[in-house]
Amino acid sequence: MKVVSKKIAFKNSLVLQSGKSLAGFELMTETYGELNQEKTNAVLVCHAFSGNHHAAGIKEGEKKPGWWDELIGDGKTIDTKSYFVVSLNNIGGCHGSSGPISISPESGQLFGATFPEISVSDWVETQKLLADHFGIKCWEMVAGGSLGGMQALQWTISYPERIKKAAIIAASSKISTQNIALNEVAREMIKKDESFHNGDYLAKGELPSKGLKAARMLGHITYLSESNMSKRFGRRLQDPQTKMDADINYEVENYLQYKGEQFAKTFDANSYILMTKAMDGFDPAKDFDHNLVECLKSTQAKLLIASFDSDWLFPKEYGLDMQMSAIRAGIDSTYIELDGDYGHDSFLFYSNQYSAALKNFLNSNE
């Protein structure tokens, strides 16, 4: 599998949905496979909340493969012998694309808390510009799970003529009030960290690691299923020799402490706030009098909408709502509920059923 990592600069000003602008921006990208001469074999994969451009393969010096490595590669579900797969770190992120830890071209200083509010529509706009950069007039498929699935859905609305298929996985057309509430609690944990300094922590040489760790611990609970946690940890006590902290009693506590600590080392707190707010604000039907059917009527792409039976963060009702709206809008759409052992995170992991559904959809003829 041919893998190319590249940061691409866009010099023109980008007007965001909020009304604010970026005077140019950069996208950190990774591509897999090769673009054919006609440029008709391109697949865009969109990352979820904490993902980035590294979707497949193992980078030199690292042990962890890309977030969708089980599904992308030579001979895999999204076969890079046949398809040119594009992945990117969205703006507002913290893994190479323009975001809070980038230098503002206007001030010459770190953006920090001044990086403007972003939306799912803004991400799709930058992805459209990325397609233009590659000379891709139409994606064969845009796919993603969770927040990535929201981007796939937005593509069908924003640029219906430039996408043939959309795989919307473990996602929704808008998140629930409960999910917004959970995101707000996580943001408050970060903001209450004494090292947050109203988002200007980098300028002061500090990191709100405690708040970011706690926020991730809360979020991670919502990504797993109760059955998976019970099977994996039960009420087993943690080995005293491997405790993350002396106050820890149970294995599940130790696991969450470890996950939270590792995340706080690699993610930016301002990016966390921006990403969760983009998720909260996603609701494309709001511009159509909150009528999702009307919102989808311009869609030309075929849709695959997939939910997982163990996902309580984005349960099957969300997928079914999108499917029923797509049917009423006259869209060629398929819905499938998949078995998942990992709760909301099931979209990241291979299963025969999941792979067959995605592979058959991608390879289906018009």
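The values are calculated or read from the model by the stated rules, or taken from the named source; none is laboratory data. What you see is a predicted model, and the numbers here were worked out from it, not measured in a lab. Quick reminder, even Gly has a Cβ in these numbers, built from the backbone with ideal geometry, and neighbours come from all protein chains shown.
Structure values in brief
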| quantity | calculated |
| --- | --- |
| Filtered residue count, the stretch 338-366, keeping only those that are surrounded by fewer than 15 Cβ atoms within 10 Å (Cβ to Cβ) and in contact with an Asp or Glu (Cβ under 8 Å, 6 or more places away or on another chain) | 4 |
| Unmet criterion (only one of (1) more than 29 Å from Asn179 (Cα to Cα); (2) under 15 Å from the mean Cα position of the chain (by Cα)) for Lys2 | (2) |
| Whichever residue in the stretch 75-116 is in contact with a strand residue (DSSP E or B) (Cβ under 7 Å, 6 or more places away or on another chain), among the aliphatic types (A, V, I, L, M) and not in a loop (DSSP other than H, G, I, E, B) and, among such residues, is surrounded by the fewest Cβ atoms within 10 Å (Cβ to Cβ) | Ile103 |
| The stretch 284-301, residues that are at negative phi, of a type outside the set (A, V, I, L, M) and out of contact with any Phe, Trp or Tyr (no Cβ under 8 Å at 6 or more places or on another chain) | Pro284, Lys286, Asp287, Phe288, Asn291, Lys297, Ser298, Thr299, Gln300 |
| Condition broken by Leu147, with the remaining ones in (1) over 23 Å from the mean Cα position of the chain (by Cα); (2) within 30 Å of Thr334 (Cα to Cα); (3) not charged (D, E, K, R) satisfied | (1) |
| So Ala203, is it at pLDDT 90 or above and either assigned by TED's automatic domain parsing to the domain that holds Ser104 or within 22 Å of Gly343 (Cα to Cα) (or both) | no |
| Complete set of residues in the stretch 307-323 that are in contact (Cβ under 8 Å) with a residue 24 or more places away in the chain, of a type outside the set (Asp, Glu), under 13 Å from Ile169 (Cα atoms) and in contact with an Asp or Glu (Cβ under 8 Å, 6 or more places away or on another chain) | Ser307, Phe308, Gly319 |
| The stretch 246-261, residues that are of a type in the set (A, V, I, L, M, F, W, C) and crowded, with 18+ Cβ neighbours inside 10 Å | Ile248, Val252, Leu256 |
| Among the candidates Ala167, Ala152, residue that is in a helix (DSSP H, G or I) and under 17 Å from Ala55 (Cβ atoms) | Ala152 |
| Test: residue in the stretch 252-264 that is in contact with a Leu (Cβ under 6 Å, 6 or more places away or on another chain) and among the β-branched types (Val, Ile, Thr) | no |
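Condition check ((1) assigned by TED's automatic domain parsing to the domain that holds Ser271; (2) within 28 Å of Thr276 (Cα to Cα); (3) part of a helix (DSSP H, G or I)) across all residues:
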position: Glu188; (1), (2), (3): yes, yes, yes
position: Asp193; (1), (2), (3): yes, yes, no
position: Gln241; (1), (2), (3): yes, no, yes
position: Ile248; (1), (2), (3): yes, no, no
position: Val252; (1), (2), (3): yes, yes, yes
position: Leu256; (1), (2), (3): yes, yes, yes
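Okay, residues lined up against (1) farther than 30 Å from Phe115 by Cα; (2) at pLDDT 95 or above:
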position	(1), (2)
Met275	no, yes
Met279	no, yes
Cys295	no, yes
Ala301	yes, yes
Leu304	yes, yes
Ser310	yes, no
Pro315	yes, no
Leu320	yes, yes
